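Visitor: Could you have a look at this structure, given as structure tokens, before my questions?
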Amino acid sequence: MKSIFDNESCYFCGAWLVEWHHVFGGAYRKKSTLYGYVCPLCIKHHNTPPDGVHFHKENRNTLKRICQKHFEQYHGNRKEFIATFGKSYAED
């Protein structure tokens, strides 16, 4: 799967048995795939509480900020990011 993340091991811990997480889900899932905003995550960091991104808001938002930074560097400005993915996740 095309991804902006550098390798195919878990982004958070480096484990090699991974699932692909669409950083922006729901209505934005297809756009996540299109832009490569899919991240390899082990089961602990994907779907298992308390650290899995489906349960841990800060881990989830970390991935969204990385993708937003990538979008703004390679695809458009913040206004275009918001138009594409619904809102900004930047901390600035």
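Visitor: Determine the sum of side-chain charges near G76: Lys and Arg each +1, Asp and Glu each -1, restricted to other residues whose C-beta is under 14 angstrom from that of G76. Mind dumping the intermediate values first?
Guide: Numbers: positive: K31, K69, R78, K79; negative: E72, E80.
Cβ neighbours under 14 Å give a net charge of +2.
Visitor: If I stretch the segment between I82 and N47 completely, what's the gain in nm (0.36 nm per residue apart, minus their alpha carbon distance), one decimal? Before the final figure, lay out each step's value.
Guide: Working: separation 35, 0.36 × 35 = 12.60 nm, distance 2.64 nm.
Difference between extended and current length: 10.0 nm.
Visitor: So for the chain, what percent of the C-alpha to C-alpha distances run longer than 18 Å? Walk me through the numbers on the way to the answer.
Guide: On the way: 1701 of 4186 pairs.
Taking all Cα-Cα pairs of the chain, the fraction more than 18 Å apart is 41 percent.
Visitor: Please report, in debye to the nearest 20, how large the charge dipole of the stretch 1-83 is about its Cα centre when each Lys and Arg carries +1 at its beta carbon and each Asp and Glu carries -1 there.
Guide: On the way: 12 positive and 7 negative charges, 74 e Å.
Computed about the Cα centre, the dipole is about 360 debye.
Visitor: So, one more: What is the helix-to-structure angle for 57-74, meaning the angle in degrees between its Cα long axis and the longest Cα principal axis of the chain, kept from 0 to 90 and rounded to the nearest 10?
Guide: 40
Visitor: Can you put D6, D92, D51 in order, fewest other beta carbons within 10 Å first? Show your work: numbers first, answer last.
Guide: Details: D6 8, D92 4, D51 15.
Final ranking by Cβ density, sparse to dense: D92, D6, D51.
Visitor: Student exercise: in the chain, how many lysine pairs 8 or more apart or on different chains have Cα atoms under 20 Å apart?
Guide: 21
Taken together, the values in this text are just the output of simple stated rules run on the coordinates, not laboratory data. Keep in mind that what you see is a predicted model, and the values were worked out from it rather than measured. Cβ atoms come from the backbone with ideal geometry, glycine included; neighbour counts cover every protein chain shown.
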